[in-house]
1. Over all pairs of distinct alpha carbons, what does the Kirkwood formula give as the hydrodynamic radius of the stretch 353-476, in Å?
2. Give me the one-decimal nm value for the distance between modelled label points at Leu139 and Ile66, 7 Å along each residue's Cα-to-Cβ direction.
3. Would you compute, from DSSP H runs of 4+ residues alone, the mean residue ellipticity of the chain at 222 nm, taking -39500 (n - 2.57) per run and dividing by the full residue count, rounded to the nearest 500?
4. For the pair Asn350 and Asn258, how long in nm is the line joining their label points, each one 7 Å along Cα→Cβ?
5. Note down the nm distance, to one decimal, between modelled labels 7 Å out along Cα→Cβ at Ile3 and at Ala249.
6. Calculate the length of the line joining the C-alpha centroid of the stretch 79-125 to that of the stretch 195-261, in whole Å.
7. With an 8 Å Cα cut-off and a minimum separation of 6 or more residues, compute the relative contact order for the stretch 287-384 in percent.
8. Counting pairs of alpha carbon atoms under 8 Å apart in space and at least six apart in sequence, what relative contact order in percent does the chain give?
Amino acid sequence: MTIDYDVVIIGGSIVGRYAAMNAAQQRANVALVEPSSLDDGFVYHHAFGSITNRLRQTLQNARFGIHLISTSLSEKCQISLGWEEAALYAKSIAANITEQLSPAILGAAGVDVISGSGHFQGSQARRPGDLAFIVNNRLLSARHYLLATGSTPAIPAIEGLQSVGYLTLSNIWHSLNSSANSHTPPQNWVIIGGVPQSIELAQILARLGFRVALILSRPYLLPNLDPEISALLQAQLEIEGVRVLTQTAVTQVMRIENKKWVQAGDKAIEADEIVVATGQQANLDSLNLPTVGVKWHPGRLLVNNKLQTTNQRIYACGDVIGGYDFVNVAKYEAKIAIDNALFFPTRKVNYNSVPWALFTQPMLAQVGLSEKQAKSQYGNDEILVLRQYFKSLTAAQITDETTGICKLIVKRNGEVLGGSLLGKESGELINIIALAIAQKIKAKHLANLSTVYPSFAEILQQTALEWNQQKLSNFGLQEFLDDFFLFRRGW
């Protein structure tokens with residue numbers, strides 16, 4: 001069989017389009033197979049998050065001496081959210097982002113974009129001609145393939161859930177906008193499940209003035225999250241009105257007198273609307289993967305550290321291989337998978353320097369090893385935990401953004417292993433810690449940064465300075481320095 005393409009990407013996610021553009025820029029012959037439309041829910045999610053942050057800031061402007069004055073003495077100045085305008089703003093943002101990697105743009109770059117669904121045909125043999133992908137009765141033959149099909153919400157088997165009805169993270173914004181424009185939107189929300197987007201959603205809905213309950217099966221908001229930072233974020237959510245129930249299982253959903261009720265542990269919670277966010281399942285069912293020797297666990301494909309599936313000619317990236325749905329992580333995986341597919345499969349994934357963030361306010365960001373992971377790997381005596389609070393920053397005091405903490409996990413020699421941030425600009429600052437981990441930049445070099453004053457970047461310098469302080473806690477070193485300065489004063 002003739003080889004038509006260097007790589008065929010089976011898409012259905014924005015990461016599939018990113019991978020196709022990346023391959024085309026390397027002069028490869030590329031085909032992208034994807035459904036007729038992509039899920040733009042994540043754009044609406046972030047757009048409404050930005051809107052609610054602006055709304056909250058406007059409501060708090062009086063603290064800075066900023067007051068809205070009505071032109072009429074008989075009218076009280078009020079602030080309200082125009083749903084139609086907000087939805088139009090979110091729609092325009094989604095259109096702009098989608099256009100950057102639209103089929104037209106990809107086609108102009110040399111990508112053969114094919115709309116439709118298909119499946120694999122062939123065997124597990126290593127010869128290129130023995131494997132093909134069929135779509136719209138067309139046979140696509142390639143040397144390698146990349147699965148970037150995305151995922152759909154995994155719905156738990158909760159009694160009564162299907163009959164009562166629910167929303168997911170994919171359709172909530174379209175549904176909320178429709179209900180808000182036609183009548184009063186749902187006031188009581190119950191969110192089942194703790195993924196990054198559901199935690200963000202809980203805060204967004206609370207800031208829109210709704211009553212929100214967030215139900216988690218775990219003791220903390222997210223696994224592998226620093227407990228201290230998790231507690232701070234949970235406290236912030238609760239201050240804003242989110243009812244957080246941890247270590248709680250939802251056992252039943254029912255409808256009583258036109259009201260939805262959620263049985264969570266020993267509590268019955270009334271809900272106008274229920275959002276299910278317990279996880280994702282990979283879009284794999286129609287691809288005929290068993291025939292070509294690709295194996296998977298429930299919800300994710302099995303891949304090695306080169307992102308090859310159990311058929312080494314088929315790669316995978318993004319949420320089809322499990323984990324949380326972070327676009328930057330998926331793009332990192334896509335770049336490695338494409339390089340391995342087009343050239344020699346030598347690149348391996350290393351997530352230690354890949355950051356991720358929760359777009360709450362204040363924002364949470366993390367990279368590398370947590371304190372628990374680092375101590376498990378290197379031992380308690382080898383690990384130092386450096387921390388500093390945002391309230392010590394001049395920039396934080398000026399902007400009234402004092403809630404926050406920075407933690408660095410370092411070895412005794414100063415090597416940075418991980419970092420966690422909760423606070424203003426955390427999504428930007430975490431990138432510096434990620435660079436320090438990737439380039440082996442030690443804590444002493446971060447401590448020597450001359451950051452702009454005032455700025456939030458000072459938190460990194462101040463935290464890294466704690467490494468010097470903890471070194472000085474060594475009694476022998478203290479005794480040496482005391483003797484040194486005593487000797488020099490008498491010089």
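1. Over the stretch 353-476, the inverse of the mean reciprocal pair distance is 14.4 Å.
2. Distance between label points: 6.5 nm.
3. On the way: 15 runs with 173 residues, N = 491.
-11000 deg cm²/dmol, from helical runs alone.
4. Result: 6.2 nm between the two label points.
5. About 5.2 nm separates the two model spin labels.
6. Cα centroid to Cα centroid, the span is 30 Å.
7. Working: 113 pairs, mean separation 16.8, N = 98.
Value for the stretch 287-384: 17 percent.
8. Working: 943 pairs, mean separation 64.1, N = 491.
Normalised by residue count, the contact order of the chain is 13 percent.
Values quoted throughout were computed directly from the atomic coordinates according to the rules given, and no laboratory measurement underlies them. As the structure is a computational prediction, the values presented were derived from the model and not from experiment. Methodologically, a virtual Cβ is constructed for each residue, glycine included, from the backbone with ideal geometry; neighbour enumeration extends over all protein chains shown.
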